[in-house]
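Presented below is the structure to which this report refers.
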């Protein structure tokens, strides 16, 4: 599985357009707020001129254009503008408070350096609360000579100060909380999208592997069917040509064998095509499928095709899975086909089935030419794949005295109630 990428929030053109629009809206709102606050006399006689309020409106609105590109810098600038505005009694507080909230939220939501984001917000919030306490203390000193202050702990002035403190806690706490939530939500969404991409990539790989395995299976089946039947037809047709003048009856018998082999080839092709049309419900256990019981008939066909083949079965047979039966039949078929093609004149073959206590052994031995160097081909690859797909092992080796030996061993099914080991996947065989 590919390594997951580290989450990093990045700006898009849509985000930049939204920030520009937000800055314009904030500027319009701040100008209106400054004008109305100035007319209403927000700070009474200590109020600063309206022109200062317009400068503050620009100061808290313009930085929002780059709030997601430089969140820390924008938050610090707006905090300084807010501090200066309130200290100088500039008649504009509403848009300034909104801009400050947005700036703090943006630091939490868009700064990829989470450690720095924490310290930036903590520094601004701590500075604001220190400033607020200083202002509250100064106002308390100014109001100390008034009777309502000395009236008790919950005098109107003290109640107002406590309300102001509570509002600021909710204000800054909300900006911090929602910024964190936004960043974590984006991180979770990114992780989900990343996992979705990984799953999609895995699905494509799995689909490609399934197609490759199907191609391997089809190639193996075609090779087994074509190589066997064409080999039989070729050998018998050649033999018939050699004896047709001196022994017409024998030639007819051989040509009859060619005819039978062609019919079998057509039947095998039809079965293969039916399997390909419905790959999810291939039924190797159907009456038309081959199996272990057909190996004896295969040896007789091999004898008829010109390779005298003996057959022996040792031990007590036990039920075997149909797929194992098909695989063993095809292995025997390929081994005998190779013997007819490469063993030479006068060669013989011997096929033995041995039913042991926990395994079934199929051995095909042929005499004939000495094999110097073993050259792996498609037939040998197919035999190895079939053996592994059946959960067994296979030996392919030349005989010192001439000829070749194929021995495959597959485990027999465990008794009822005993655990059954799954056969290795065909994908393992395909990689060998």
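No lab work stands behind these numbers, since they all come straight from the coordinates. None of these values were measured; they are calculated from a predicted model. When we count neighbours, we look across all protein chains shown, and the Cβ atoms used for this are built from the backbone with ideal geometry, even at glycine.
Sorting the segments 260-270, 59-69 by their residues' average number of neighbouring beta-carbon atoms within 10 angstrom, most packed first, yields 59-69, 260-270.
Taking only C-alpha pairs under 8 Å that are 6+ residues apart, what is the relative contact order of the chain in percent?
About 10 percent, as a whole number.
Using the Cβ-Cβ distance between residue 401 and residue 212 with R0 set to 41 Å, the FRET efficiency from 1/(1 + (r/R0)^6) comes to roughly 0.55. Averaging the sequence gap over all C-alpha pairs within less than 8 Å and six or more residues apart, then dividing by the number of residues, gives segment 13-202 a relative contact order of 20 percent.
Placing one equal scatterer on every Cα of segment 13-202 and applying the Debye formula, the log10 ratio I(q)/I(0) at q = 0.15, 0.20 Å⁻¹ is -0.96, -1.37.
Say R0 is 25 Å: what FRET efficiency, to the nearest 0.05, do residue 263 and residue 342 get from their beta-carbon distance?
After rounding, the FRET efficiency stands at 0.45.
On the basis of the beta-carbon distance and an R0 of 56 Å, residue 6 and residue 132 show a calculated FRET efficiency of 0.90.
Scoring 299-305, 15-21 by mean Cβ neighbours within 10 Å over their residues and listing the highest first yields 299-305, 15-21. Taking 0.36 nm per residue of sequence separation and removing the Cα-Cα distance, the residue 194/residue 119 pair yields an extension gain of 24.0 nm.
Can you give me the angle between helix 248-277 and the longest principal axis of the chain, using Cα atoms only, in degrees from 0 to 90, rounded to the nearest 10? For helix 248-277, the angle is close to 10 degrees. Relative to the dominant Cα principal axis of the chain, helix 13-40 is inclined by about 20°. Taking Cα atoms only, the orientation of helix 295-304 departs from the longest principal axis of the chain by about 50 degrees.
Is segment 98-139 rounded, prolate or oblate when judged by the Cα gyration tensor, a ≥ b ≥ c being the square roots of its eigenvalues, rounded requiring a/c under 1.5 and prolate requiring a/b larger than b/c? Because a/c hits 1.5 or more and a/b fails to exceed b/c, segment 98-139 counts as oblate. Could you tell me what % of all Cα pairs in the chain have separations over 38 Å? It works out to 55 percent of all Cα pairs.
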